[in-house]
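Quick notes on the structure that follows.
The values are calculated or read from the model by the stated rules, or taken from the named source; none is laboratory data. Everything numeric here is computed off the predicted structure, so don't read it as measured data. Every residue, glycine as well, gets a Cβ built from its backbone with ideal geometry; the counts of neighbours run over all protein chains shown. Just the protein is used for accessible areas: all its heavy atoms, side chains included, with ligands, DNA and RNA removed. Shrake-Rupley method; radii C 1.70, N 1.55, O 1.52, S 1.80 Å.
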Amino acid sequence: MKFGVVIFPGSNCDFDTFHVLKNVIRQPTIWLWHKDHGLQGVDCVVLPGGFAYGDYLRSGAIARFSPLMQEVGEFADKGGVVLGICNGFQVLLELGLLPGAMLRNKNLKFLCQFVTIRLENERTRFTHKGKKGQVLRVPIAHFDGNYFAPPETLKEIEENSQVVFRYSGANGSLTEEANVNGSLHSIAGLMNKRGNVMGLMPHPERASERLLGSEDGRVIFESIISKF
Amino acid sequence: MKVRILVSFKDSVLDPQGQTVKNALHTLGYRAIKDVRQGKVFEIDLAGATKADAEKIIPEISDKVLANPIIEKFTWQIIEA
């Protein structure tokens, strides 16, 4: 499976993501520069974490106007697989490929720490190698990860099982304390209705090698490359 | 023509930054302050534009770029003809 990692000015998890896809998951991986045209035949586009365009105006707000992002939108409309991590998730929300928006974390602090998230839906192309209820230990590093959507949208995404991950305790319990950034319904990861686009705030690419303290994030990449 | 656009959170959206400012003001003794909502101001210079142009362009760019309609609302006014 051929992966393309998009680089925006201000991306800073691009090399980590590229490394994991190429050297850990061992898949052909290329760079996609945000100003270029053409997705060069990739099967999956990954929007990495960082601060695209300095996060000026709102996180992800300017990045969505990149020439390449218009093509990523068309790619997703045709069923192409798109994964947005952290800032990449924010870009997908601003682009409208995923429903909702991000607000500043409830405690107004930049949160950089390991968290535990519970796998809510294992019947997705991003998680089918995992188990429902499985708890992953993965790091977060963000200022604006407080997920918000109007009540009718929330109802719809819950009814369609679009919530893929929720912040939870290590035992899988959903508590206010575990919901570190204040996200509605403790949402940490979300996919579109069709199931080909997913965004998540935690960084699976930083938790894919034992050396880095956790390999729990690998299940996402291994699911993507396996037959669904 | 110069236009000022004010973008702020919708009433249904919590504004933790505004809350923090309010708490700080309370600490300073300004107990009469009931609520604070924080927003963004844009001052835009529209070269050679008429009022009709502004009425077309400003809501368009506010909706498309300056505000995220899921969480924010905007108001605008002409500040210099």
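Classify chain A as rounded, prolate or oblate, taking a ≥ b ≥ c as the square roots of the eigenvalues of its Cα gyration tensor: rounded when a/c is under 1.5, otherwise prolate if a/b is larger than b/c and oblate if not. Please report the intermediate quantities before stating the final value.
Details: a/c = 1.34, a/b = 1.18, b/c = 1.14.
Rounded, because the longest to shortest axis ratio a/c is under 1.5.
Heavy atoms only, probe 1.4 Å: what % of the accessible area of the protein assembly as shown goes to carbon and sulfur, would you let me know? Working shown, then result.
Details: 7730 of 14580 Å².
C and S atoms contribute 53 percent here.
The Cα atoms of the stretch B:2-80 cover 47, 27, 14 Å along the three principal axes, with the biggest extent listed first. Helices in the protein assembly as shown, meaning DSSP H runs of at least 4 residues, each add -39500 (n - 2.57). Divided by all residues, the mean residue ellipticity at 222 nm is -6000 deg cm²/dmol. Here the spin labels are modelled as points 7 Å beyond Cα on the Cα-Cβ line, and at residue B:78 and residue B:45 they lie 1.8 nm apart.
Each Cα pair of the stretch A:96-177 feeds into the Kirkwood radius, which the Stokes-Einstein equation turns, at 25 °C and 0.890 mPa s, into a diffusion coefficient of 176 µm²/s. Scanning residues 5 or more positions from residue A:207 or on other chains, those with amide H under 5 Å from its amide H are A:217, with H placed 1.01 Å from N in the peptide plane. Phi angles across the stretch A:10-20 convert, under the Karplus curve 6.51 cos²θ - 1.76 cosθ + 1.60 with θ = phi - 60°, into 3J(HN,Hα) values of x, 5, 9, 10, 5, 6, 4, 5, 4, 4, 5 Hz, Gly and Pro given as x. Pop the C-beta distance of residue A:113 and residue A:153 into the FRET formula with R0 = 22 Å and round what comes out to the nearest 0.05. For residue A:113 and residue A:153, the calculated efficiency is 0.20. Taking amide H positions as modeled 1.01 Å from N, with prolines and chain starts lacking one, the residues under 5 Å from residue A:34 and 5 or more places away or on another chain are A:7.
Given the pairs A:155/A:227; A:106/B:56; A:22/A:131; A:106/B:51, which are separated by over 32 angstrom at their Cα positions? With Cα atoms farther than 32 Å apart: A:106/B:56; A:106/B:51. The angle between the Cα long axis of helix B:16-27 and the longest principal axis of the Cα atoms of chain B comes to about 50 degrees, rounded to the nearest 10. Taking amide hydrogens as placed 1.01 Å from N in the peptide plane, the amide H of residue A:146 sits under 5 Å from those of A:103, A:105, each at least 5 positions away in sequence or on another chain.
By per-residue mean of other Cβ atoms within 10 Å, what is the highest-first order of A:199-207, A:125-133? The partial results should precede the final answer.
Details: A:199-207: 27.1, A:125-133: 17.6.
The most tightly packed comes first, giving A:199-207, A:125-133.
To the nearest 20 debye, what is the magnitude of the charge dipole of the protein assembly as shown about its Cα centre, counting +1 on the Cβ of each Lys and Arg and -1 on the Cβ of each Asp and Glu?
Values: 37 positive and 34 negative charges, 116 e Å.
Here the protein assembly as shown has a charge dipole of around 560 debye.
Among the trypsin sites (Lys or Arg not before Pro) in the stretch A:50-93, those placed in a DSSP loop whose Cβ has at most 16 other Cβ atoms within 10 Å are A:78. Between helix B:51-61 and chain B there is an angle of about 50 degrees, using the helix long axis and the longest principal axis of the Cα atoms.
Phi angles across the stretch A:154-163 convert, under the Karplus curve 6.51 cos²θ - 1.76 cosθ + 1.60 with θ = phi - 60°, into 3J(HN,Hα) values of 4, 4, 5, 5, 6, 5, 8, 6, 7, 6 Hz, Gly and Pro given as x.
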